[in-house]
Structures are given as C-alpha cells and as structure tokens.
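Peer 1: One structure, pasted below without further comment.
Laboratory data are not the source of any read-out in this text; all were calculated from the coordinates shown. In this text the structure is predicted, and so the values were computed from the model without any measurement. Neighbour counts are summed over all protein chains in view; Cβ atoms, including those assigned to glycine, are modelled from backbone coordinates with ideal geometry.
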Amino acid sequence: MKRNIPVAITFIVGTVLILSVFFPPVERMGEDFSIFFDIIAVFAFFLGGGNLLRIHSDKIYRKQKDWGFSVVTVVGFCFMLAAGLFKLWNPGGIAADVAAPGSLFQLMYNWIFNPLGATMYALLAFYVASASYRAFRAKNIDATILLVASFIILLGRTPLGMYATGWIPESFSILQIPNMAIWIMVSPNLAGQRAIMIGIALGVVSMSLRLILGVERTYLGVDNE
Amino acid sequence: MNNIGIIISVVIIVLGLLWLAIRSLTGREVERRIIFLFMGLAVSLPLIFNITFSEKATPVVRNIFNKIESLPAGSRILISFDYGPSMAPEVEPMSNAFIRHSLAKGHKVILMGLWATGQSLSATAVQDIIKPEFPDKIDGVDYINIGYKAGNQGVLNVIITDFRKMYATDVNGVNLDSVAIFKGIKSLRDMDLMISVGGGFPGVKEWVLFAADPGNIPLAGGSAAVSAPTYYPYYPRQLIGLLGGIKGAAEYESEIKKHYPRFADMPTPGIKMMGPQTLAHLIVMAFIVIGNLSFFFAKRKKIDG
C-alpha cells in the first residue's frame, strides 16, 4: 500500500500533464495539477528550515567541530525569519510588502545579505584567474584551439576588442573581435550546447517514463524491483 | 585624473607581468597568491581612478533595445527578477536599465520574480529607480510589483493561462482586479514583451520552455556571464536578444545614454564595472601566456637534461 499509492499518484499526474499538452479537454486538469505542485513546493521551505535547525542544533548540542558557526547560522536564520514573518519595523504593518523600504527584513537584506552574497561571488574572479593560469596550457592541438577561443572570448568581452579591430570595414565585420566572440557563442558553442541539451532532454523523457510507469522507484526510498 | 590613473595602473601591472614573464623563461611557476595580488590590483585600480571605456552595442544587445523602442507606448513589459544578492552586482544594472528604458518609453511595467530573493531586489528597484527618477509614474497604473511565488517553472505553467490563479494581489496586498495596469490582462499571453534577468535555475531557460515558446510571446534575457553560453542556443528565435554579463549591461546603458539625453547623468554601474573587467581579462590573458611560457621552458629544460 505504501508503495502503490505514490506510484498510482505519479502515474495519474504524469499522464494527465502529458495529455494536457496535446488534448485541450485535459488542459484544465493540467493547470490544476500545476497549482497543486506550487502549493506542495511551499512545504519545501518548512522542510528546508526544519532540517537546517535540526542539523545545526544537533551540532551545537554535541559541540562538534566549528559549532560556533552553527550558532551564527541558527541565530541568523531565526532573526531573519522573525523579521519577515512578523514584519518587524515594517512601516506598512503586517499587511504590507515583506520587503517594504525601512522594514527590518529589507534593512538586513540590503546591508547584510546583499554585500555578503556579492563578496562570495566576487571571489570567483580570483579563482578563475588562478585556474586559467593552470588549465590553459597548449599541450596539444585541442588545448590550443581552446586557448585561442578563450583569448577571443576574453578580448571580445572587453572594449579593447573593438578598439583593436574596430577599423575593419562593416562588410568584414565578422573579423572584429567582439563579433568573432559572438560567432563562437552562437555557432560552435551552440552546436555543442544543443547536442548536450538534446541528450539531456532524451534522458529526461526516458527517466520520466520510468517514473510514470513505476519502473523507477528509488524516489520512494526503495530499490527498483 | 583619468589619464594619470590609466598610466599608473598600466605601468604597475605591466612591469610586474614583465618580471613574471622573465621569471617564467627559466620554467618557474607563479605562486597562486601572486596571481591573486595582480587580480586585486586589476579590479581595484580602475575603481580608484575611475577608468571607463566607451561601449558600442552588439546586435544581440541592440535587438532588445530596438524591440522596446518599437513597441507602441503603453505596451506591457514584464520583468522577472530571477536572481539573488550574489548575482546582483552583475545583473542588477540590466534590470535597472530595462526598467528605465521601458518607463521612459511610456510602457507599463510589471515586476515579478521566480526567486525568493528576487522580491527584495524588485522592491529596491522600485525604491531606487522608479520613485526618484519617474515621480510621475503611479503604482498600479504605470508599474506594479507582484513579487515572488514558490513553484519555480510551475508558476509559469499556471500564469501562462491565468495570472490570478497564482497572483491574487500585488506585494502590498492590493487585489489585481482593482489595479488599472492589470485591466485586460488574463495571462502571460497578454504581455508584449517578457524579460527574465538572472542566470540560474529557474531563469531564462525556464521562461523559454514554459512561457515564451508555448505561448509564442517575445522574450528577452539578461544573464550572468557564466550562464550566458547556455542561453545562446535560444537566440534569435526563442530569445530576441541577450545581455551576457556586465558587458551586455554596459552596452545597453550606452544605448540608453545615446538615445535619451535625460539619462546623460544616470548612474551607469555596467559601464563603470567594465574598467575592472577589462583589466581583469587582460591579467587572465597575461597569466595564460606566462603559464604557457613556463610550461614550454620547463619542458625544454627537462628534455635538455
């Protein structure tokens, strides 16, 4: 019973969602199932939040390695949750936008979350430079082609590319570095990306069929039979 | 100041790189912290000396600008904030530029987000861009912020047939049936243009798969540079244009400044950030050359015994 009901739900929902694309009478049911999905998606927040609290509380209780960071995580989570849930300092009161200017939630978002997130992302530049230095070596023909393409893209994504080759007449504009960079993106890159996308799509179709037909049951926490 | 800044920056960096290149002729590798130091200089010196470059829009960017220009005043443009604070410095200049351009042209702007973090960023855009720069524009008439709903692409699956099944109110709790901007809007199919700004999941790709393509609705995109290559396969059929990274934002800002004298003094973070990006790219290229020099000379040394 525990296995059959979820498999039956998966079969019905999957079949209806596929049919809703091709048969207008079933379209309405497809919309309703999409709304059910959106409602269920909200519960992921409860699960995520609950899981975060459980794991970090346990770490603090057992005083495991770096438990101090867990204290910061739990305090930050509870503080931000309270600020958003009870709309603390929100000038419009409880009915106003959670991100209303002047609210505690928005202040914390703008002055803590925003700069911290941006800082983490900005560090990428340093690691990309270090990784490029080590990875882009002209060891063979393939690596050399990759190296040349990377140079064109790097230069094409700066105004210097246009300064260096802007004098080339419009009829040969493909030879201007920024246009060469775009050509690499929309031709060789496109070919590779499409091949990957089509491969992924076929994989998704096959996996979806396995799920709908009940062949794939690992999502229920049991091995396939 | 600008010229002196450029000269000082170039001299410091070029001399340092030359020294490293000469070192690499003996086959010696460069330490990671030296690379970090040069990268730090490359991104900070242009900001200190305010080094900027002029930009020329490429066709992939100009297409979006021309689309917004060609729509009749009063057209409905939906801008989705599909990003968070980590991506904001790179893609926020794009969403700000789209909002400025759309409102200056007299279009109706609807802001939303498929990312939970997008709602605060769209609220910031209303507060920092719309209210001070367009004081004559009225919330609910000329623009509206309907915020975030959970469900990722599931949200698009619903609003492509009916907005109100997912969004009953805007972020301030005002019923969508009572606002002028939503009169005559039933679903995404009533939009004249949709723009997704982001770079992760859900983002531009989901807008193509679940809204633009099935609904045959024009879609434009703005994305972080690292994600842009994955979106180019959709250009130009499913995506009318794409702003890739800060370069795309800078090109769009330069187009706005060129065509709208009222924005001559507007903040242009995209153009400003192109200084550090240009120098950072040059540094990366220089280190790739140095890396190859040390690789070849080390190899030769090994062969020579």
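Peer 1: Compute and list, largest first, the equivalent-ellipsoid semi-axes of the stretch A:1-99 from the alpha carbon gyration tensor, each √(5λ) rounded to a whole angstrom.
Peer 2: Those come to 39, 24, 9 Å.
Peer 1: Taking beta carbons within 10 Å but only from partner chains, what does the mean come to for residues A:154-164?
Peer 2: Going residue by residue through A:154-164 and averaging, the value is 6.
Peer 1: Then there's this: How large is ³J(HN,Hα) for each residue in the stretch A:77-90, as worked out from phi by the Karplus curve 6.51 cos²θ - 1.76 cosθ + 1.60 (θ = phi - 60°), to whole Hz, x for Gly and Pro?
Peer 2: The phi angles translate into 4, 5, 5, 5, 5, 5, 4, x, 5, 9, 6, 5, 6, 6 Hz.
Peer 1: For the protein assembly as shown, give the share of DSSP beta bridges that are antiparallel, in percent and rounded to the nearest 5; count only bridges with both residues there.
Peer 2: Restricted to the protein assembly as shown, the bridges split so that about 5 percent are antiparallel.
Peer 1: Which cross-chain or sequence-distant (5 or more) residues have an amide H under 5 Å from the amide H of B:LEU111, H modelled 1.01 Å from N in plane?
Peer 2: B:ILE79, B:ILE144, B:ASN145, B:ILE146
Peer 1: Quote the relative contact order of the stretch A:136-214 in percent (integer), defining contacts as alpha-carbon pairs under 8 Å separated by 6+ residues.
Peer 2: 21
Peer 1: Still on this structure, I have one more. Based on DSSP, what percent of beta bridges with both residues in chain B are antiparallel, to the nearest 5?
Peer 2: Rounded to the nearest five, the antiparallel share is 5 percent.
Peer 1: Rounded to whole Å and sorted largest first, list the principal axis extents of the Cα atoms in the stretch B:219-305.
Peer 2: 67, 34, 15
Peer 1: Using only the alpha carbon atoms of the stretch A:94-225, find the Kirkwood hydrodynamic radius as the inverse mean reciprocal pair distance, in angstroms to one decimal.
Peer 2: About 20.5 Å, per the Kirkwood formula over Cα pairs.
Peer 1: Okay, moving on. What does the helix-only formula give at 222 nm for chain A: each DSSP H stretch with n ≥ 4 adding -39500 (n - 2.57), the total divided by the residues, and the result rounded to the nearest 500 deg cm²/dmol?
Peer 2: After summing the helix terms and dividing by the residues of chain A, the value is -23500 deg cm²/dmol.
Peer 1: Can you work out the Karplus-derived ³J(HN,Hα) for every residue in the stretch B:77-86? Use 6.51 cos²θ - 1.76 cosθ + 1.60 with θ = phi - 60°, whole Hz, and x for glycine or proline.
Peer 2: Going residue by residue, I get 10, 9, 10, 9, 8, 9, 7, x, x, 5 Hz, with x marking Gly and Pro.
Peer 1: Using bins 5 angstrom wide from zero, how does P(r) for the stretch A:92-159 break down, in % of all Cα pairs?
Peer 2: Cα pair-distance distribution for the stretch A:92-159, in percent: 3, 13, 13, 13, 11, 8, 8, 8, 8, 7, 5, 2, 1, 0.
Peer 1: Within the stretch B:180-303, how many Lys pairs sit with Cα atoms under 26 Å apart, leaving out pairs fewer than 8 places apart on the same chain?
Peer 2: Count of close lysine pairs: 7.
Peer 1: So how long is each side of chain A along the principal axes, counting just the alpha-carbon atoms, biggest first, in Å?
Peer 2: Principal extents (largest minus smallest coordinate, Cα): 67, 50, 43 Å.
Peer 1: Separate question: Sorted from largest to smallest, which semi-axis lengths in Å does the alpha carbon gyration tensor of chain B give for its equivalent ellipsoid, taking the root of 5 times each eigenvalue?
Peer 2: Three semi-axes, in Å: 43, 22, 16.
Peer 1: Okay, next question. Sort B:THR230, B:THR26 by Cβ crowding within 10 Å, fewest neighbours at the top.
Peer 2: Going from least to most buried by this count: B:THR26, B:THR230.
Peer 1: Now, a different point. Can you sort A:ARG54, B:ARG100 so the residue with the fewest Cβ neighbours within 10 Å comes first?
Peer 2: Taking fewest neighbouring Cβ atoms as first place, the list is A:ARG54, B:ARG100.
Peer 1: Over what distance in Å are the Cα centres of the stretch B:29-97 and the stretch A:117-160 separated?
Peer 2: Between the Cα centre of the stretch B:29-97 and that of the stretch A:117-160, the gap is 18 Å.
Peer 1: Which three extents, in angstrom, do the Cα atoms of the stretch B:108-262 have along their principal axes, listed largest first?
Peer 2: Projected onto the principal axes, the Cα atoms of the stretch B:108-262 cover 40, 38, 26 Å.
Peer 1: Restricting to Cα pairs below 8 Å that are 6+ residues apart, what does the relative contact order work out to for chain A? Please round to a whole percent.
Peer 2: The value is 15 percent.
Peer 1: Which whole-Hz ³J(HN,Hα) couplings does the stretch A:182-193 yield from phi under the Karplus relation 6.51 cos²θ - 1.76 cosθ + 1.60, θ = phi - 60°, glycine and proline marked x?
Peer 2: Couplings: 5, 4, 4, 5, 8, 10, x, 4, 4, 4, x, 4 Hz.
Peer 1: Give me the mean projected area, in nm² to one decimal, of the convex hull enclosing the Cα positions of the stretch A:136-214. List each step's numbers first, then the result.
Peer 2: Values: hull surface 32.1 nm².
For the Cα atoms of the stretch A:136-214, the hull's average projected area reads 8.0 nm².
Peer 1: Hey, what D do you get for the protein assembly as shown in µm²/s if you plug the Kirkwood alpha-carbon radius into Stokes-Einstein at 10 °C and 1.306 mPa s?
Peer 2: Values: Rh = 25.8 Å.
Translational diffusion coefficient: 62 µm²/s.
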